[in-house]
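Asks: The following block contains the structure, expressed as structure tokens.
The values are calculated or read from the model by the stated rules, or taken from the named source; none is laboratory data. Quick caveat: nothing in here was measured; it's all calculated off a predicted structure. All Cβ positions, glycine included, derive from the backbone under ideal geometry; neighbour counts span all protein chains shown. Each accessible area value is taken on the protein alone, full model and side chains, heavy atoms only, with ligands, DNA and RNA left out. Shrake-Rupley method; radii C 1.70, N 1.55, O 1.52, S 1.80 Å.
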Amino acid sequence: MFFCFMNNSANFKSGFVTIIGKPNTGKSTLMNLILGEKISITSPKPQTTRYAIKGIWNTSEHQIIFVDTPGYLKPRYELQEKMLKIWHNALKDVDLIIFLTQIDGFPTEYDKEVLNQLKTLKNPQLAVFNKLDLNPEVDRNELVKYLPESINEVFFVSAKTGENIPELMEAIKYYIPFHEPYYDNDMLSDLPMRFFAQEIIREAIFHFFEEEIPYSSAVLIERFKEFPDKVIIDAVIWLERESQKPILIGKNGSSIKKVREYAERELTRFMQMPVQVHLFVKIKHKWRKKQSALKELGF
Ligand SMILES: Nc1nc2c(ncn2[C@@H]2O[C@H](COP(=O)(O)OP(=O)(O)OP(=O)(O)O)[C@@H](O)[C@H]2O)c(=O)[nH]1
Ligand SMILES: [Mg+2]
């Protein structure tokens, strides 16, 4: 009987780690830092991430699949309801949950609500206080007392400087079970290149525009054509209102040009090949509230 465990995979660890927490605490930044590649877009604005995004960390002894999630929200409109569903699905059957919060302002009502939900779950859980670089002298004992007993270990880190990330990684490896790898060991994500193209364009919009434009924008890749020496991408940016169009395009197209150049630069780096991006702007009235539009966008 025991022979079946005596193969090469006997010492191999593999499993799923879901990162949850309030918008803007640094979940995507942390995952990207661990993976050493920008898999999940980030921005200084809350609610940047809209999908559960997997990033795969491979070594000769581990394959750890990180799942970055949208900040958990109370559904105010249809899109947020979809985000909530993604969050709940992401917690099912995971090997480890990372509750990520930032030191500043902890515990918010939001943190308390998430911690209350974590109490009811059996999965191993780590609490990670991020942005230590902004509060290096914080009284850690004061913060830790708000954590429920379901939390196995606590870390204070900076996803910006990398402080205490090696210690966090050791704990993550510890809680991952012995298991064969779930994916090929050269995979960094299970998402296709066109998804990254869409996300990088969204990141550019978060980067260059204020207020409602980033939240009213959705990006759809209409053509993704790979040639031996380049890639050509046609993408449509959906906006919710006609009045948003001139803002996104800018005077003589100057604003949308910045978005295009940002996307081309990032994608060229990521794909290690010249990438040309063509952007088109369309209006889809109130797409965030429409089931059919959300479906088309893959929610
Ligand atoms: N100073 C500092 N800033 C950080 C740190 N980690 C993340 N940030 C910044 O915090 C902002 C939010 O980071 P994200 O990674 O996009 O946050 P998120 O939790 O994924 O946010 P949502 O996707 O909206 O839920 C960005 O401007 C990051 O650069 C950190 O350790 N220190
Ligand atoms: Mg994010």
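Asks: Order of 35-46, 163-174 by packing, highest average Cβ count within 10 Å first?
Replies: Averaged packing, sorted descending, gives the order 35-46, 163-174.
Asks: Within region 22-42, list the residues whose amide N lies under 18 Å from a label point set 7 Å along Cα→Cβ of E109.
Replies: Output list for this probe position: 22-24.
Asks: How big is region 148-229 on each of its three principal axes, counting only the C-alpha atoms and giving the largest first in Å?
Replies: Sorted from largest, the Cα extents of region 148-229 read 46, 37, 25 Å.
Asks: While we're looking at this one, here's another question. Can you give me the angle between helix 165-175 and the longest principal axis of the chain, using Cα atoms only, in degrees from 0 to 90, rounded to the nearest 10?
Replies: 60 degrees
Asks: Spin-label point model (7 Å from Cα, Cβ direction): what's the H62 to H207 distance in nm?
Replies: My value for the distance between the label points is 3.0 nm.
Asks: When you have a sec, figure out the Kirkwood radius of region 2-175 from all distinct Cα pair distances and drop it here in Å to one decimal?
Replies: The Cα-based Kirkwood calculation yields 16.6 Å.
Asks: For region 23-36, just list the computed ³J(HN,Hα) in residue order, Karplus coefficients 6.51, -1.76 and 1.60, θ = phi - 60°, integers in Hz, with x standing in for Gly and Pro.
Replies: x, 6, 7, x, 4, 5, 4, 5, 4, 4, 5, 4, 7, x
Asks: Another one. Relative to the longest principal axis of the chain, what angle (0 to 90°, nearest 10) does the C-alpha long axis of helix 109-119 take?
Replies: Taking the Cα atoms of the chain, the angle to 109-119 is about 50 degrees.
Asks: Also: Within the set of other residues whose C-beta is less than 14 Å from the C-beta of I34, count the net charge using Lys and Arg as +1 and Asp and Glu as -1.
Replies: Value of the local net charge: 0.
Asks: What distance in nm separates the simple spin-label points at D139 and K92, each placed 7 Å from Cα in the Cβ direction?
Replies: Inter-label distance under the simple model: 4.3 nm.
Asks: Now for a different question. Taking a ≥ b ≥ c as the square roots of the eigenvalues of the Cα gyration tensor of region 131-269, is the shape rounded (a/c under 1.5), prolate (a/b larger than b/c) or oblate?
Replies: Cα axes put region 131-269 in the oblate bin.
Asks: Looking at region 193-296, what % of its DSSP beta bridges pair antiparallel, to the nearest 5?
Replies: 45 percent
Asks: Quick check: Cα centre of region 158-237 to Cα centre of region 266-289, how many Å?
Replies: Cα centroid to Cα centroid, the span is 14 Å.
Asks: Something else now. What's the local net charge at S158, with K and R +1, D and E -1, over the other residues with C-beta under 15 Å away?
Replies: Computed value for this residue: -1.
Asks: Output the 0 to 90 degree angle, nearest 10, between the alpha-carbon long axis of helix 193-208 and the longest principal axis computed from the alpha carbons of the chain.
Replies: Result, in degrees: 80.
Asks: So for region 184-226, what are the equivalent ellipsoid semi-axes in whole Å, largest first, each being the square root of 5 times an eigenvalue of the Cα gyration tensor?
Replies: Ellipsoid half-lengths, sorted descending, are 25, 13, 8 Å.
Asks: Along each of its three principal axes, how wide is the spread of alpha-carbon positions in the chain, in whole angstrom units, largest first?
Replies: 64, 46, 37
Asks: Charges only on Cβ, +1 for Lys and Arg, -1 for Asp and Glu: so what's the dipole of the chain about the Cα centre, in debye to the nearest 20?
Replies: 1360 debye
Asks: Please compute the net charge surrounding V17, taking Lys and Arg as +1 and Asp and Glu as -1 over other residues with Cβ under 15 Å from its Cβ.
Replies: Values: positive: K13, K27, K54, K92, K173; negative: D68, D93, D95, E153, E170, D190.
Neighbour charge sum, excluding V17 itself: -1.
Asks: Which whole number in µm²/s is D for region 205-285 by Stokes-Einstein, with the Kirkwood Rh taken over Cα pairs at 4 °C and 1.567 mPa s?
Replies: 98 µm²/s
Asks: A further question follows. Positive end of the charge dipole of region 2-175 (Lys, Arg +1 and Asp, Glu -1 on Cβ, about the Cα centre): tell me which of L147, A90, L35 has its Cα farthest that way.
Replies: Value: A90.
Asks: Continuing with this model, one more query. Restricting the count to DSSP beta bridges whose residues both fall in the chain, what percent are antiparallel, rounded to a multiple of 5?
Replies: Given both bridge residues lie in the chain, the antiparallel proportion sits at roughly 35 percent.
Asks: Would you mind telling me the share, in percent, of accessible area of region 168-235 contributed by carbon and sulfur at probe 1.4 angstrom?
Replies: 50 percent
Asks: Still on this structure: Give the accessible surface of the chain per residue, rounded to a whole number of Å², with probe radius 1.4 Å and ligands, DNA and RNA excluded.
Replies: Result: 50 Å² per residue.
Asks: A 24 angstrom limit on the alpha carbon distance is what I want to check against. Which of K13/K122; K122/K145; K225/K245; K131/K258; K119/K290; K230/K290 exceed it?
Replies: Long pairs (Cα-Cα over 24 Å): K225/K245; K131/K258; K119/K290; K230/K290.
Asks: Taking 7 Å along the Cα-to-C-beta vector as the label spot, tell me the Q117-K251 distance in nanometres, rounded to one decimal.
Replies: 4.5 nm
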